[in-house]
Amino acid sequence: MSSSKQKGTKAPKKSPAHKKVSAKQKKSSLKEKSSETAITSMLHESRVFNPPKALAKNALIGSEQQYKKMWNESVKNPDKFWGKQAKENLEWIKPFKKVLNWKPPYAKWFEDGKLNVSVNCLDRHCRSERRNKAALIWEGEPGDSRVLTYNDLLREVSKCANALRALGVKAGNRVAIYMPMIPEITIAMLACTRIGAMHTVIFGGFSSEALADRCNDSQSSVIITADGGYRKGSSVPLKKNVDMALEKTTSVKNVIVVKRTGENVSMKQNRDHWWHDLVNPQSGICEPYAADSEHPLFLLYTSGSTGKPKGILHTTGGYLLGATVSYKYVFDLKETDTYWCTADAGWVTGHSYIVYGPLSNGATTVMYEGAPNYPDWGRIWSIIEKHHVSILYTAPTAIRACIRAGNEWPKKYNLKSLRLLGSVGEPINPEAWIWYQEVIGEKRCPIVDTWWQTETGGMMITPIPGAIPQIPGSATRPFFGIDAEIVDKNGKPVPQGAGGFLVIKKPWPSMLRTIWGDDERFKAAYWSQVPGVYFTGDGARQDKKGNFWIMGRIDDVLNVSGHRLSTMEIESALVSYDIVAEAAVVGRPDDLKGEGIVCFVTLKSGTKPSPEIKEKLSKHVVGQIGALARPDEIRFADALPKTRSGKIMRRLLRDIAAGKQSTQDTTTLEDFSVLASLRQDED
Ligand code: PRX
């Protein structure tokens, strides 16, 4: 890594699309202090990357003026804006007359309209010249590959939908999907939508315990699974986990099992059905269910600040519109694109941007079954080369892992097909952003850093690539129809530049409708901190140009000597030091300062932890942010404890930092041995 990158706040060598902001601007946003109730934001990034001219010329939204005009219209007259978008981008079985019925916190979008999601994702393309276009390009971990055209996918979805109907599944029933990343996961999701059943996809890495909890909460009557799934060359025993989960559930009456790995599994008569026996013989034609726009579409469980996972409910018309329109504009979609999102379909990113957004737009979506480092760290880049991927959408955690693995891996492959890059899931530190832009995007591709949540259904704050200049670490501007604001704990807007709570002031089509079976928790979690507005749970600040800088979860914010600091900012400072691979920062109670700063750091391979390195890192953080951010403790670890989706488990780290034995739920922890090693490092 070059020394210019290490400095973080200094501008690196200029690239053509890159310009520095003025010194005045820089000064004004440095070390801005907010009111007592807000968050102190001190990280500053001065590099700006303008949209490449060629891209802007052919873009759907090709200038900042055009973006501003559309955004203004969208928030001034949302009914008109969303009504038009819904007519232009979706096919309705019964057209809607009313756009929005808003009785806070309950929104109903297009409530008198009817549509079917699978018809929008498949049938309408099969009636066009897209019928033989690749809808899904699938890459199996062992190297096998399948391509399903829109015609193929419609046929398979119809068969699966008929099979579900044959098992007695009706509109409104819940179907749990616990599968590896194979085409059948997409087929199963769309099959549910075809008959109006709700799916609840449970990430294949969850334990049987977590699966049972989610089946019980949703009262699912069917589970669709596989014998196993490949992960880093070995097999994940999915069916075995289902069998164990079923000992703790009573609602599940039928299980459909795809044969993927061929491992031995037990099949219970009358309950368990092989996919190939049940689904394959069905008719390839299935009458779609005409769903009310507000018909429930799916449940997706996500963690809150308290223990029990929340079943986030999304409904049909609004969700599909949000996924469709955001996908189209944010990736500036072209008919010839080959798009790859590396998320798992078990997370909201997979729902909105592997399945619904791409297919509703008639795009080609790539799906990969396995681990990014199997058989080696070249796998991601080899898939891009093999399938000529033009848009890559991935997570900062994956980017940082690739940085750690070394530039020699991407350099081995031809990445010229790439034209646009995306980031999602967590704040991307400028260091990783620049690497992504230089090494993967070869300084050619814009990066869309997309901020959103399971609850929001689709992207909320993100650059539009042909219109909005990108700044490493900033998700930049609100998407159309999104009225975002930063407020203090009393709901008052904070001064420009100051940190505060990110809220959304107007309803948007793909917003969650409630928490399944728990309207009270829905109100308490999202609508009560600041009455009348949606509380995101994230801290943020906005710069002079209106760019949003997400500072991480509110519960990840530290209060050190009366100063609130975002853990992400300290992490970003640590990661900008060239020997650091990854860092997580948490608070621990401190008698003197309120909270002390504890940093967990993984070093790049080849660097050995030492007291000297601790000292250097501490100085570096002080140099980057200021003396108030000086770490109280730095601990080294081989890896950080993460959920299987790659999120660092901060609550666990907080317990470790405080010297407590953790009482937290660890069902999502990727590698328990990581925890043990972190505890041991108490020198
Ligand atoms: O804290 C924000 C962070 O991830 C949270 C939402 O997590 P989840 O519901 O699992 O959805 C992840 C995929 C959309 C947010 O509250 N987050 C997500 N994207 C970003 C982000 N933080 C900063 N920048 C992002 N681009």
Query raised in the report: For the chain, what relative contact order do you get, as a whole percent, if you take Cα pairs closer than 8 Å and at least 6 residues apart?
Result: 14
Report task. Could you tell me the convex hull volume per residue, in Å³, taken over the Cα atoms of the chain? Result -> 146
**Report entry** Phi-based couplings in Hz for the stretch 493-505 (Karplus 6.51, -1.76, 1.60; Gly and Pro marked x)
**Finding:** x, 7, x, 3, x, 8, x, x, 8, 7, 10, 10, 8
Query - Three-way shape label, the stretch 177-250, alpha-carbon gyration tensor, a/c 1.5 - result: oblate
Query - Calculated from backbone phi, Karplus (6.51, -1.76, 1.60) coupling profile of the stretch 469-474 in Hz, x at Gly/Pro - result: x, 9, 10, x, x, 10
Query raised in the report: Classify the stretch 517-557: rounded, prolate or oblate, from the alpha-carbon gyration tensor (a ≥ b ≥ c, eigenvalue square roots; a/c under 1.5 rounded; otherwise prolate if a/b is larger than b/c)?
Result: prolate
**Report entry** Long-range amide H partners of Ser423 with built H, under 5 Å
**Finding:** Thr394, Val448, Asp449, Thr450
**Report entry** Label point 7 Å beyond Cα of Gln65 along Cβ direction - residues of the stretch 465-491 with amide nitrogen under 18 Å
**Finding:** 466-469
Requested in this report: Kindly work out what percent of the DSSP beta bridges joining two residues of the chain are antiparallel, to the nearest 5.
Outcome: 60
Report summary line: Computed over the stretch 480-624, the convex hull of the Cα set has an average projected area, in nm², of 12.1
Query - About the Cα centre, charge dipole magnitude for the chain (Lys/Arg +1, Asp/Glu -1 at Cβ), debye - result: 2040
Query raised in the report: Check Cys341: other-chain or 5+ apart residues with amide H under 5 Å from its amide H, H built from backbone geometry?
Result: Val366, Tyr393
Query raised in the report: Do any GluC sites (Glu not before Pro) in the stretch 231-298 lie in a loop, going by DSSP, with at most 10 other beta-carbon atoms within 10 Å of their beta carbon, and if so which?
Result: Glu247
Report summary line: Rounded to the nearest 5, the percent of DSSP beta bridges in the stretch 390-492 running antiparallel is 20
Query raised in the report: Do you know the relative contact order of the stretch 150-289, to the nearest whole percent, from alpha carbon pairs under 8 angstrom that are 6+ apart?
Result: 30
**Report entry** Full-extension gain in nm, Asp518 to Thr250, via 0.36 nm per residue minus C-alpha separation
**Finding:** 94.4 nm
Requested in this report: Pull out the extension gain between Thr336 and Ala171, defined as 0.36 nm times the separation in residues minus the alpha carbon to alpha carbon distance; nm, one decimal.
Outcome: 55.8 nm
Query raised in the report: Can you tell which of Thr324, Ala629, Ile224 lies farthest toward the positive end of the dipole of the chain, using +1 and -1 charges on the Cβ of basic and acidic side chains (Lys, Arg; Asp, Glu)?
Result: Thr324
Query raised in the report: So if R0 is 30 Å, what FRET efficiency would Arg271 and Ser234 give, r being the distance between their Cβ atoms, rounded to the nearest 0.05?
Result: 0.65
**Report entry** Sequence-distant residues sharing a close amide H with Tyr230 (under 5 Å, placed H)
**Finding:** Val236
Query - All-pairs alpha carbon distance profile, the stretch 150-289, 10 Å steps from 0, percent - result: 13, 47, 34, 6, 0
Query raised in the report: Which whole-Hz ³J(HN,Hα) couplings does the stretch 365-382 yield from phi under the Karplus relation 6.51 cos²θ - 1.76 cosθ + 1.60, θ = phi - 60°, glycine and proline marked x?
Result: 10, 9, 10, 10, 6, x, 7, x, 10, 10, x, 8, 6, x, 4, 4, 6, 5
Query raised in the report: Among Ala59, Gly140, Gly346, whose Cα sits farthest toward the positive end of the charge dipole of the chain (+1 at Cβ of Lys/Arg, -1 at Cβ of Asp/Glu, about the Cα centre)?
Result: Ala59
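Only the coordinates and a few stated rules stand behind these numbers; no lab work does. It should be emphasised that the depicted structure is a prediction, and the values quoted were computed from it without experimental measurement. Don't worry about glycine lacking a Cβ; one is built from the backbone with ideal geometry, like all the others, and counts go over all protein chains shown.
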